[in-house]
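Participant: Below you will find the structure I want to go over with you.
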Amino acid sequence: MHAEKLATVGQIAAGVAHEINNPLTSVQDCAEALLRKAQLAVDGKGPGTFDASDVDRLKKLREGAERIRKFARDLVSYARPSGSEVEVVSLNEIVDQALSFCEHVLADAKAAVDRDFGADLPPIKAIRDQLLQIIINLVTNAAQALLPGGGHVRVRTWRTGEATVGLAISDTGVGIKEEDRPHVFEPFFSTKPAGRGTGLGLSIVRNIVYAHGGQITFQTRQGGGTTFVVTLPTTYLGPQGP
């Protein structure tokens, strides 16, 4: 068990170093270029005004800082998902709210959204912000999996019994490669291009689902899309583990 913990710490440390190093390198390079120019201006040996290249450097500084900030937030969420107040909520209402938050992501992906909400869902006891985080993450992943020409993202809810509800988010995208499937929920594993993901999203989702006493699975076919299925009890049970 101790060796396993050490291996996990090593994996997380390597992921942190990799994810922070890339934007930090960009921040450092841009800052040094701007500093050199500013020093020349102060010494009277260079122009004292900004030009288009300086504006571009400042944009890169901002983007690099934003990537680091987002990564730090995701890392905290991975260790301890945000939000702690359990309340009685409507799953359909939360799905609607999450989809409204994802409108720009869906529009950028040229995604048509198909809604299929169960009409007889019982209310559930859950942490609202954490359920929002689950749905936003899965919808964003579904949109980003679509081909450049767009496609469909389907969101479905249903009642699975007296004390359980279900949520499925499907896409008509590229699917997950067979060799990647065992690693989908691993921290820092990502198939997205650099800068588009930290590899923590699905790990966070799984942690939240387990914290609600639920389960998460997926079905995928390369070139035929992916479906993530979440089942949740109507009563908040606290962390259950895989």
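Participant: Sequence-distant or interchain residues sharing an amide H contact under 5 Å with THR234, placed H: which?
Facilitator: THR164, VAL165
Participant: Which of LYS125/LYS177; LYS70/LYS177; LYS37/LYS110; LYS59/LYS110; LYS70/LYS125 have a Cα-Cα distance over 31 Å? Write out the running numbers ahead of the final one.
Facilitator: Numbers: LYS125/LYS177 36 Å; LYS70/LYS177 27 Å; LYS37/LYS110 42 Å; LYS59/LYS110 27 Å; LYS70/LYS125 29 Å.
Over 31 Å Cα-Cα: LYS125/LYS177; LYS37/LYS110.
Participant: May I ask you to evaluate 6.51 cos²θ - 1.76 cosθ + 1.60, the Karplus curve with θ = phi - 60°, for each residue of region 37-43 and list the ³J(HN,Hα) values in order in whole Hz, giving x for glycine and proline?
Facilitator: Values per residue, Gly and Pro as x: 5, 5, 5, 4, 5, 5, 7 Hz.
Participant: Roughly speaking, what is the stretch gain from SER90 to ARG181, that is 0.36 nm per residue apart minus the C-alpha to C-alpha distance, in nm to one decimal?
Facilitator: So the extension gain works out to 29.6 nm.
Participant: Here is a follow-up. Mind checking region 80-185 for GluC sites (Glu not before Pro) that DSSP puts in a loop (not H, G, I, E or B) and that have at most 15 other Cβ atoms within 10 Å?
Facilitator: Hits after loop and neighbour filter: GLU85, GLU162.
Participant: Right, something else. Quick one: length gained pulling ASP120 to VAL55 fully straight, 0.36 nm per residue minus the C-alpha distance?
Facilitator: Gain on stretching ASP120 to VAL55: 18.0 nm.
Participant: Computed from the mean reciprocal separation of all distinct C-alpha pairs, what Kirkwood hydrodynamic radius does region 144-191 have, in Å?
Facilitator: 13.2
Participant: Related question: Report the FRET efficiency, 1/(1 + (r/R0)^6), for ASN21 and GLN219, where r is their Cβ-Cβ distance and R0 is 22 Å, rounded to 0.05.
Facilitator: Numbers: r = 35 Å, r/R0 = 1.61.
The calculated FRET efficiency here is 0.05.
Each reported figure results from applying straightforward, stated rules to the coordinates on display, with no laboratory input. Keep in mind that this is a model prediction, so the values were computed, not measured. All Cβ positions, even for glycine, are placed from backbone atoms using ideal geometry, and neighbour counts span all protein chains on display.
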